[in-house]
2 protein chains.
Amino acid sequence: MGGRIRAEDKECPLSTAIEQVGEWWTLLILHDAFDGYTRFDQFQENLGISSSMLTSRLKALLADGLLERRPYQTNPVRHEYVLTDLGRSLRPVLVALAAWGNTRLAPEERSMILIDADTGNEVEPVVIDAKTGRRLDDSNAYVFAAGPAASTAMRNRYPDRMPLSTNR
Amino acid sequence: MGGRIRAEDKECPLSTAIEQVGEWWTLLILHDAFDGYTRFDQFQENLGISSSMLTSRLKALLADGLLERRPYQTNPVRHEYVLTDLGRSLRPVLVALAAWGNTRLAPEERSMILIDADTGNEVEPVVIDAKTGRRLDDSNAYVFAAGPAASTAMRNRYPDRMPLSTNR
């Protein structure tokens, strides 16, 4: 983290997303949250990290709006940490990342899988275009391009790839 | 990234994936590679990082098998860095992450988008199950579970979620 950031990074959705979720522990805490864990001591036991490290990671997740604090006990007041809508919207990213980890293993070698809760069948996550249903794996068919709000720096990065909507 | 790792982490596809790609610069270098950049000085100019930082990141990407070195010039020999099949297989993760960044912006506020190279139309990446075509956003319908190779620790994490294939 830190260091110099190129001009287009502040507007790049990948860079800003990575800035929020790119910390190792952050994604593991979110994984715990997706699995239903909500309390400080649960995260700490699962992750095996120091209180100060966990406190600082949770603070970042609260500040980024991915988790929110909710009292679950009074006298003394204790809080739990639950996913916000924004945090929940990261689930496809975690699913895609776990799927990538598993694709390198034969099915019988996998230790953690994503299943259909009703049938117990393992699912096979793929990323598609919602409009056409086509898979987005092919880096020649689907390319990053400057968007409507792109700066000059971003347009210079993608000179030949202007979306139609800005070509009017 | 150091620190204590819980027992099940070594077998968790999410943790192992994060270990390989969870470094901020790593994903930005891969983004450059997906956009067609291959040379040390291109990465350095795009990313604005020190030679030593970039050298160490590229070493990690080579060691993890995500990039490979290829000579592009002799006398003196110079190498470029190109994506391996394994590196290319990470593309859906980058696409999902960039899409997450963009979902928080109105279409006209987006600076970098993924487009269909033929039509120039912006695509809308979503993660689905390849077998059923259903979206995997719903964390109640699709849950993580212990896989066939799960350790006791992993099975303890998911006691009620055994895939059918291991319930014979």
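Any idea which of (1) within 7 Å of chain A (Cβ to nearest Cβ); (2) assigned to a loop (DSSP other than H, G, I, E, B) is the one B:A145 doesn't satisfy?
Among (1) within 7 Å of chain A (Cβ to nearest Cβ); (2) assigned to a loop (DSSP other than H, G, I, E, B), B:A145 violates only (2).
Which of the strands (runs of 3 or more DSSP E) found entirely inside the stretch A:60-135 contain at least 2 residues meeting this: facing chain B (nearest Cβ under 7 Å)?
A:112-116, A:125-129
Given the criteria closer than 24 Å to B:V126 by Cβ and within 12 Å of another protein chain (Cβ to nearest Cβ), does A:A33 qualify?
For A:A33, the condition - closer than 24 Å to B:V126 by Cβ and within 12 Å of another protein chain (Cβ to nearest Cβ) - is met.
Could you check how many residues of the stretch B:143-159 are surrounded by 22 or more Cβ atoms within 10 Å (Cβ to Cβ) and free of Cβ contacts under 8 Å to residues at least 60 places away in the same chain?
Residues that pass the stated criteria total 4.
Looking at the stretch B:96-113, can you tell me whether even one residue there is touching a Gly at 6+ places or on another chain (Cβ under 7 Å), surrounded by fewer than 22 Cβ atoms within 10 Å (Cβ to Cβ) and at negative phi?
Step one: filter the stretch B:96-113 for residues touching a Gly at 6+ places or on another chain (Cβ under 7 Å), giving B:110-113.
Add one more test, that the residue is surrounded by fewer than 22 Cβ atoms within 10 Å (Cβ to Cβ), and what stays is none.
Checked the stretch B:96-113: no residue is touching a Gly at 6+ places or on another chain (Cβ under 7 Å), surrounded by fewer than 22 Cβ atoms within 10 Å (Cβ to Cβ) and at negative phi.
All but one of (1) under 25 Å from the mean Cα position of the chain (by Cα); (2) not in a loop (DSSP other than H, G, I, E, B) hold for A:N140; state the number of the condition that does not hold.
Only one criterion in (1) under 25 Å from the mean Cα position of the chain (by Cα); (2) not in a loop (DSSP other than H, G, I, E, B) is unmet by A:N140, namely (2).
Just to check your reading of the model, which residue among B:L47, B:L94, B:L86, B:L54 is closer than 17 Å to A:A145 by Cα and touching a residue at least 12 places away in the same chain (Cβ under 8 Å)? Spell out how you get there, then give the answer.
Details: B:L47 fails: closer than 17 Å to A:A145 by Cα; B:L86 fails: closer than 17 Å to A:A145 by Cα; B:L54 fails: closer than 17 Å to A:A145 by Cα.
Only one candidate qualifies: B:L94.
For B:T119, which of the numbered conditions (1) without any contact (Cβ under 8 Å) to a residue 12 or more places away in the chain; (2) closer than 19 Å to A:H31 by Cα fails to hold?
Going through the list (1) without any contact (Cβ under 8 Å) to a residue 12 or more places away in the chain; (2) closer than 19 Å to A:H31 by Cα, B:T119 breaks only (2).
Select from the stretch A:1-33 the residues that are β-branched (V, I, T) and within 21 Å of A:R57 (Cα to Cα) and write down the one among them that is modelled with the lowest pLDDT.
Our first condition is that a residue be β-branched (V, I, T); within the stretch A:1-33, this holds for A:5, A:16, A:18, A:21, A:26, A:29.
Okay, now just the ones that are also within 21 Å of A:R57 (Cα to Cα), so A:16, A:18, A:21, A:26, A:29.
Values: A:T16: 76, A:I18: 72, A:V21: 68, A:T26: 81, A:I29: 92.
Only one residue tops the list, namely A:V21.
The values are calculated or read from the model by the stated rules, or taken from the named source; none is laboratory data. Just so it is clear, the model here is predicted, and its values are computed rather than measured. Ideal geometry is used to build each Cβ from the backbone, glycine not excepted, and the neighbour counts take in all protein chains shown.
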